[in-house]
Amino acid sequence: MSFDRKIKIAPSILSADFANFGQEIQAIEAQGADWVHVDVMDGHFVPNLTFGPQAVKAFRPHVKTVMDVHLMISPVDAYIDAYADAGADVLTAHIEAGPHIHRTLQAIRAAGMKAGVALNPGTPAEAVAHLLDLTDLICVMTVNPGFGGQKFIDMTTKVRQLRQMIGDRPVHIEIDGGVDPKTAPLVVEAGADVLVAGSAVFKGGSVTAPEVYGENMRLIRAAAEGHWV
């Protein structure tokens, strides 16, 4: 995954049809998804339980773009190699998930993946000030993590702070939570370039009507690119 600061749409397959993940992944990519976002939850760090390494490994052959794996788990370090083996291109850990995020980011990169760090809504931008040279992506949560379909929490001030802190480093700012054609322009204008969207992409579509996914993504991208800076 080379660095390319263009707007990227990363549909979250947490909102896909669980009985048809392979076809769903193929459908969103065919319709213009830039990345595929996989939300891993442990029922401990967040109140939901989703995809273990074997599930992610099963998704991998269907993903032809970038598999963006977001770990909402604690602890993280014991599972880094498993998700590397599963084929993650980007592995993101929460700064709140453990006391040694510096070590975690080093281990993610050492395992051959791009390293991401996620910030919950209550965590300030300053928390990553000393991590920027170890980080390829900062995921700004615009909902409290755990479930899809939540209402967007405005984090544009935090995004602006992060973009200023990043400077000319090749670091993506990803937004996760409540992204749709109304909220996408707000975060892109503030400096974000990767937009995770679940229900806003998958609503109304299916593997038999994938063009709906494409239209949903086009609406988000068009709204975002109208405010690209």
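The values are calculated or read from the model by the stated rules, or taken from the named source; none is laboratory data. These numbers were taken from a predicted model, which means no experiment stands behind them. Here the Cβ positions follow ideal geometry from the backbone for every residue, glycine too, while neighbour counts run over all protein chains shown. Just so you know, the surface numbers come from the protein's heavy atoms only, side chains and all, with ligands and any DNA or RNA stripped out. Shrake-Rupley method; radii C 1.70, N 1.55, O 1.52, S 1.80 Å.
For the range 28-56, name all the residues that are in contact with a strand residue (DSSP E or B) (Cβ under 8 Å, 6 or more places away or on another chain), among the aliphatic types (A, V, I, L, M) and assigned to a helix (DSSP H, G or I).
Within the range 28-56, ILE28, VAL56 meet the criteria.
Taking the condition modelled with pLDDT of 95 or more, in a loop (DSSP other than H, G, I, E, B) and open to solvent by 40 Å² or more (accessible area, probe 1.4 Å), does PHE3 pass?
The answer is no for PHE3.
Which one is surrounded by the most Cβ atoms within 10 Å (Cβ to Cβ) among residues in the range 28-41 that are out of contact with any Phe, Trp or Tyr (no Cβ under 6 Å at 6 or more places or on another chain) and under 22 Å from ALA223 (Cβ atoms)?
Result: HIS37.
What are the residues in the range 89-103 that are in a loop (DSSP other than H, G, I, E, B) and within 9 Å of LYS114 (Cβ to Cβ), if any? Break it down into steps so the answer makes sense when it comes.
Of the range 89-103, the ones in a loop (DSSP other than H, G, I, E, B) are 89, 98-100.
ASP89, the sole residue that qualifies.
Can you find even one residue in the range 192-200 that is closer than 16 Å to PRO11 by Cβ, of a type in the set (Ser, Thr, Tyr) and either open to solvent by less than 50 Å² (accessible area, probe 1.4 Å) or assigned to a strand (DSSP E or B) (or both)?
Within the range 192-200 (the criterion being closer than 16 Å to PRO11 by Cβ, of a type in the set (Ser, Thr, Tyr) and either open to solvent by less than 50 Å² (accessible area, probe 1.4 Å) or assigned to a strand (DSSP E or B) (or both)), the answer is no, since none of the residues qualifies.
So that you can scan it fast, the table gives a plain yes or no per residue for (1) surrounded by fewer than 19 Cβ atoms within 10 Å (Cβ to Cβ); (2) β-branched (Val, Ile, Thr); (3) at pLDDT below 95:
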position: ALA86; (1), (2), (3): no, no, no
position: VAL90; (1), (2), (3): no, yes, no
position: HIS100; (1), (2), (3): yes, no, no
position: ARG103; (1), (2), (3): yes, no, no
position: ALA110; (1), (2), (3): yes, no, no
position: ALA115; (1), (2), (3): no, no, no
position: ALA118; (1), (2), (3): no, no, no
position: PRO121; (1), (2), (3): yes, no, no
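Search the range 134-148 for residues being part of a loop (DSSP other than H, G, I, E, B) and free of Cβ contacts under 8 Å to residues at least 60 places away in the same chain, and hand back the single one that is farthest from GLY198 (Cα to Cα).
The initial filter retains those residues of the range 134-148 that are part of a loop (DSSP other than H, G, I, E, B), namely 135-136, 142-148.
Now drop any that are not free of Cβ contacts under 8 Å to residues at least 60 places away in the same chain, which leaves 135, 142-144.
Details: THR135: 24, THR142: 13, VAL143: 12, ASN144: 15 Å.
Of everything passing the filter in the range 134-148, THR135 is farthest from GLY198 (Cα to Cα).
Among HIS62, HIS44, which is the only one that is open to solvent by 20 Å² or more (accessible area, probe 1.4 Å), closer than 27 Å to ALA222 by Cα, modelled with pLDDT of 95 or more and over 16 Å from the mean Cα position of the chain (by Cα)?
HIS62
What is the number of the single condition among (1) assigned to a helix (DSSP H, G or I); (2) under 16 Å from the mean Cα position of the chain (by Cα) that ARG109 does not meet?
(2)
If you scan the range 130-157, which residues turn out to be within 18 Å of THR92 (Cα to Cα), at pLDDT 95 or above and open to solvent by less than 70 Å² (accessible area, probe 1.4 Å)?
LEU131, LEU132, LEU134, THR135, ASP136, LEU137, ILE138, CYS139, VAL140, MET141, THR142, VAL143
Right, ALA127: free of Cβ contacts under 8 Å to residues at least 12 places away in the same chain, surrounded by fewer than 19 Cβ atoms within 10 Å (Cβ to Cβ) and among the aliphatic types (A, V, I, L, M) or not? Walk me through how you get there before you give the answer.
Values: free of Cβ contacts under 8 Å to residues at least 12 places away in the same chain: no; surrounded by fewer than 19 Cβ atoms within 10 Å (Cβ to Cβ): yes; among the aliphatic types (A, V, I, L, M): yes.
Judged against the criteria, ALA127 is not a match.
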